[in-house]
Amino acid sequence: MLESLKSKPSITFSVTEPDHWTIATESDFTAQWSFTPPGHYAHPAVVQRLMKKRPNGDVYVEMSVLCETDQASCDRLSADFTELNEYMRNQLQQRGR
C-alpha cells in the first residue's frame, strides 16, 4: 500500500516524531493513510481515513483498517483511531459553525 501511494503525485508524506508513524496525505486533505512503525503493538497496519460531508453539512470520517497482527491488537488500533476521528470531527464541526 505504501509503495502504491508513493507513485501518486497528489500524495505528500511525513513521519511523526517521536513515534515514527508514516503519514500519507492527499493534497486536498480528503484522505489520509497512517502506517504503524516497527515495534508498534499493531504493526504491520495501516489506517485509511476519508473526510466526508453529508448533504446537511455534517462532517464525518470514513475509516478502513488493514491490520496483519493479532485480533486484539487490531481491535485496539481501530478503537484508538475511532476516538481520534470523533475528536477531529468535533473540531471540524466547531470550525464550520
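The values are calculated or read from the model by the stated rules, or taken from the named source; none is laboratory data. If you're wondering where the values come from, they're calculated on a predicted model, not measured in any experiment. Here the Cβ is made from the backbone with ideal geometry for all residues, glycine too, and neighbour counts use every protein chain on show.
So Ala42 passes all but one of these: (1) crowded, with 16+ Cβ neighbours inside 10 Å; (2) outside any loop (DSSP other than H, G, I, E, B); (3) hydrophobic (A, V, I, L, M, F, W, C). Which condition number does it fail?
Going through the list (1) crowded, with 16+ Cβ neighbours inside 10 Å; (2) outside any loop (DSSP other than H, G, I, E, B); (3) hydrophobic (A, V, I, L, M, F, W, C), Ala42 breaks only (2).
Go through the range 50-77 and give me each residue that's closer than 21 Å to Asp28 by Cα, surrounded by fewer than 13 Cβ atoms within 10 Å (Cβ to Cβ) and either in contact with a strand residue (DSSP E or B) (Cβ under 8 Å, 6 or more places away or on another chain) or at pLDDT 95 or above (or both).
Once the filter is applied, which keeps residues that are closer than 21 Å to Asp28 by Cα, surrounded by fewer than 13 Cβ atoms within 10 Å (Cβ to Cβ) and either in contact with a strand residue (DSSP E or B) (Cβ under 8 Å, 6 or more places away or on another chain) or at pLDDT 95 or above (or both), the range 50-77 yields Lys52, Lys53, Arg54, Glu62, Ser64.
Which condition breaks for Glu86 when tested against (1) more than 14 Å from the chain's Cα centre (by Cα); (2) charged (D, E, K, R); (3) more than 15 Å from Met1 (Cβ to Cβ)?
(1)
So in the range 1-39, with the set limited to residues that are among the aromatic types (Phe, Trp, Tyr) and part of a strand (DSSP E or B), which one is surrounded by the fewest Cβ atoms within 10 Å (Cβ to Cβ)? Spell out how you get there, then give the answer.
Taking the range 1-39 and keeping what is among the aromatic types (Phe, Trp, Tyr), we get 13, 21, 29, 33, 35.
From the residues that got through so far, the ones that are part of a strand (DSSP E or B) too are 13, 33, 35.
Numbers: Phe13: 13, Trp33: 21, Phe35: 21.
Ranking the candidates gives Phe13 first.
Could you list, in sequence order, the residues of the range 37-48 that are out of contact with any Phe, Trp or Tyr (no Cβ under 7 Å at 6 or more places or on another chain) and either within 12 Å of Phe81 (Cβ to Cβ) or modelled with pLDDT under 95 (or both)?
At the first step, the residues of the range 37-48 found to be out of contact with any Phe, Trp or Tyr (no Cβ under 7 Å at 6 or more places or on another chain) are 38-45.
Within the range 37-48, Ala42, Ala45 qualify.
Take Glu86 and tell me if it is in a helix (DSSP H, G or I) and either of a type in the set (Asp, Glu) or out of contact with any His (no Cβ under 6 Å at 6 or more places or on another chain) (or both).
Numbers: in a helix (DSSP H, G or I): yes; either of a type in the set (Asp, Glu) or out of contact with any His (no Cβ under 6 Å at 6 or more places or on another chain) (or both): yes.
Yes.
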